[in-house]
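These notes are about the structure you will find just below.
No lab work stands behind these numbers, since they all come straight from the coordinates. Keep in mind that this is a model prediction, so the values were computed, not measured. Don't worry about glycine lacking a Cβ; one is built from the backbone with ideal geometry, like all the others, and counts go over all protein chains shown.
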Amino acid sequence: MGASQSAGTEHEFQDLADRTGFSLEQIGNINKRFRQLSNNQETLSREDLASIPALDNNPIRAQIINAFFDKRNLHQNETGTVQEIGFEEFLMVMTHFRPAAMGLTEEERENLRREKLRFLFNMHDTDSDGTINLEEYRRVVEELLSKAGTIG
């Protein structure tokens, strides 16, 4: 029984590797981290991500966490958020943080660049209206400056 479960996971991981560009080893490591963060549950919540110590001093911590639950980043072709995400959704958002693979065509590089820009845009377009208004921009600048202390 364990062998067939392992084979199923291996097949699923290969499918994810084909779709994300992560290696099987990277997917295994990310899955292990997902399990740690979720306390071995099938889904992850905002609170689980908020418990990551490395995010404590990040000036855009809230935007990073929210990005994982934004339906626009989960390729659901709708706006709004979800309360929890599974491993596949977690991995798909993680693809925005990885560097481009070697050997991509110019068109593939351009598509990847556009996806990453859209992801960053979505992080700051908090009302999902398709524009970053002055208030959203001000909020980002204030958060960045509040973590940096005084400048000059």
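Note on R114 and D18: the model spin-label points, each 7 Å out from Cα along the C-beta direction, lie 2.4 nm apart. Taking all Cα pairs closer than 8 Å and separated by 6 or more residues, the relative contact order of region 2-148 comes to 21 percent.
With respect to the chain, whose longest principal axis is taken over its alpha-carbon atoms, helix 134-148 is tilted by about 80°. Between A54, M123, H75, the Cα set farthest toward the positive side of the dipole of the chain (charges on each charged residue's Cβ, about the Cα centre) is that of A54. Length available on full extension from V82 to T95: 0.36 nm per residue minus the Cα-Cα distance, which gives 2.8 nm.
Against the chain, whose longest principal axis is taken from its Cα atoms, helix 24-37 shows a tilt of about 60°. Computed from point charges on the beta carbon alone (+1 for Lys and Arg, -1 for Asp and Glu), the dipole magnitude for the chain about its Cα centre is near 460 Debye. For region 74-152, applying the loop criterion from DSSP together with a ceiling of 10 other beta carbons within 10 Å to the GluC sites (Glu not before Pro) yields E78.
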